[in-house]
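One structure below.
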Amino acid sequence: MNVLVTGSSGFIGSKFVRVLRAQGFNVFCLIRAESNRSELDIHTLVLEENSVAGFESALTEEFDYIFNLAAYGVGRLDQDMDKMFAGNVSFLSNLLRSLSYKPKLVINVGSCAE
């Protein structure tokens with residue numbers, strides 16, 4: 001089964017990817033162009049921009065399960081909170097609107113910025 005994980009280069013995401021792989025899932029990691037990929041030795045899909053078109057370009061497979069662990073603003077709580085909220089909401093919204101199919105399950109993991 002194909003699984004998409006966002007936030008896979010982060011602390012929790014990188015460990016979650018290892019667990020999924022150990023259980024036999026075919027894991028794809030959606031990352032930003034500037035993300036650190038050194039820990040990811042699996043399928044990576046690069047998101048160039050947070051838009052429906054950006055997701056449509058990056059998501060070249062269909063996924064049974066989608067886990068959104070990505071969060072804009074991690075470690076930046078002193079910055080513009082409205083911008084962080086808007087960025088995190090638009091990220092998930094654009095991801096879901098870009099899909100032409102219905103995954104079996106979508107899990108959105110919250111953080112201090114939602």
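The values are calculated or read from the model by the stated rules, or taken from the named source; none is laboratory data. What you see is a predicted model; the values in this text were computed from it and never measured. Every residue, glycine as well, gets a Cβ built from its backbone with ideal geometry; the counts of neighbours run over all protein chains shown.
Under the condition of being small (Gly, Ala, Ser), surrounded by 11 or more Cβ atoms within 10 Å (Cβ to Cβ) and at pLDDT 90 or above, which residue from the range 72-114 is nearest to Thr60 (Cα to Cα)? Break it down into steps so the answer makes sense when it comes.
Narrowing the range 72-114 to residues small (Gly, Ala, Ser): 73, 75, 86-87, 90, 93, 98, 100, 110-111, 113.
Checking which are surrounded by 11 or more Cβ atoms within 10 Å (Cβ to Cβ) leaves us with 73, 86-87, 90, 93, 98, 111, 113.
With at pLDDT 90 or above added as a condition, the list becomes 93, 98.
Numbers: Ser93: 18, Ser98: 11 Å.
Selected residue: Ser98.
Look at the range 101-114: where a residue is hydrophobic (A, V, I, L, M, F, W, C) and a partner is surrounded by 10 or more Cβ atoms within 10 Å (Cβ to Cβ) and at pLDDT 95 or above, sitting 6+ places away or on another chain with Cβ atoms under 6 Å, you get Leu105/Tyr65; Val106/Ile66; Ile107/Phe67.
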